[in-house]
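Please read the structure below before turning to the comments.
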Amino acid sequence: MISIITVCYNAKTDLSKTMDSIAKQVGNIQVEVIVIDGGSTDGSQYMLEQKYRHIVSKFISEKDKGIYDAMNKGIKQAHNEWIYFLNAGDVFANTDAVSNISQLIENGGEYNFIHAPYISDGVTHTSAELSLQYLSAHMINHQSILYRKELFDEELYDTSYRFCADYAHLLNSWAKIKAVKANFVIANFDSTGISSSEHNKKRMWEERIRAVWSSSLPVSSKIVLSKRAAIAYPYHYLKGLISSNEKR
């Protein structure tokens, strides 16, 4: 039913935390666990073999071109109908998370995209209903999204993006998205990742702008999606310049 994909690189402690969380979910529920490692040298592979062999369905350890390349490798290995990304350091919010997801899926429906609240730094974040207006200023964290695998049949993540390939993929798939919002929390998100760093905000807004204007959406939709960027990008650009000058 669900393929859980975890990507990691030299994050043994974080990976162990994530695997422990997954282990508490796996019961009679059909779950496939795929770990894509970027060629770690910190003993991650040995730890997986010793402690988590019973839950890991597929493990690949080799150099990659970044997080989205690793996520693409995981997608290609997935055999189940639904895909969920829970990367090293992220954990499920509670032991019922996968059970709740499974019940939602089993209840039926034509949706192919499930999004749900998530926890970050102790605070529960709930997204609005999925809309272009919402996406003009936000992105739904992949730790709170389940994708039906068919959404990746025509296009995987574009690895030319460092931060926003998931945003670009969502816009490019917009015409096919049939979303449903879950009323339960799925994951506790590790906010120390590169996409959460203030230092990277300017680059992220550059990538968001590129994703919007290279998408196949109509111009009217691209204008809606660009409204926040027209303010946010100059702000972070100037903030970066001031910060650079202060360091000199």
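The table below gives the values:
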quantity: Gain upon complete extension [E106, H138; 0.36 nm per residue less C-alpha separation]; calculated: 8.6 nm
quantity: Heavy atoms of R210: accessible area, 1.4 Å probe, square angstrom to 10; calculated: 100 Å²
quantity: Gyration tensor (alpha-carbon) shape descriptor, segment 1-52, a/c threshold 1.5; calculated: prolate
quantity: Centroid-to-centroid separation of segment 163-187 and segment 56-119 [C-alpha atoms, Å]; calculated: 13 Å
quantity: Accessible area of segment 81-148 divided out per residue, in Å², using a probe of 1.4 angstrom; calculated: 38 Å²
quantity: Segment 49-204 shape via C-alpha gyration tensor axes, a/c threshold 1.5; calculated: rounded
quantity: Residue-wise HN-Hα coupling along segment 108-116, computed from phi with Karplus coefficients 6.51, -1.76, 1.60 (Hz; x: Gly, Pro); calculated: x, x, 8, 5, 10, 8, 10, 10, 8
quantity: Ranked order, I29, I242 - accessible area, probe 1.4 Å, largest first; calculated: I242, I29
quantity: Extension gain (nm, one decimal) between E154 and S216, 0.36 nm per residue minus Cα-Cα; calculated: 20.9 nm
quantity: Solvent-accessible ranking of Y46, Y134, largest area first, probe 1.4 Å; calculated: Y46, Y134
quantity: Protein accessible area in segment 47-147, 1.4 Å probe - carbon and sulfur %; calculated: 44 percent
quantity: Heavy-atom accessible area ranking, 1.4 Å probe, most first, across W205, W174, W213, W82; calculated: W213, W174, W205, W82
quantity: Per-residue SASA entry for K202, accessible area with 1.4 Å probe, Å² rounded to 10; calculated: 70 Å²
quantity: Theoretical ellipticity at 222 nm over the chain - DSSP helices of four or more residues, -39500 (n - 2.57) apiece, nearest 500; calculated: -11500 deg cm²/dmol
quantity: R0 of 22 Å, Cβ-Cβ distance N80-F184: FRET efficiency to nearest 0.05; calculated: 0.60
quantity: Amide H partners (placed H, <5 Å) of A93, local residues excluded; calculated: A187, N188
quantity: Rounded accessible area of I22 (nearest 10 Å², 1.4 Å probe); calculated: 0 Å²
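The values are calculated or read from the model by the stated rules, or taken from the named source; none is laboratory data. Nothing here was measured: the structure is a model prediction, and the numbers come from that model. Because the Cβ atoms are built from the backbone with ideal geometry, glycine has one as well, and the counts that use them run over all protein chains shown. The accessibility values were calculated without ligands, DNA or RNA, using every heavy atom of the protein model including side chains. Shrake-Rupley method; radii C 1.70, N 1.55, O 1.52, S 1.80 Å.
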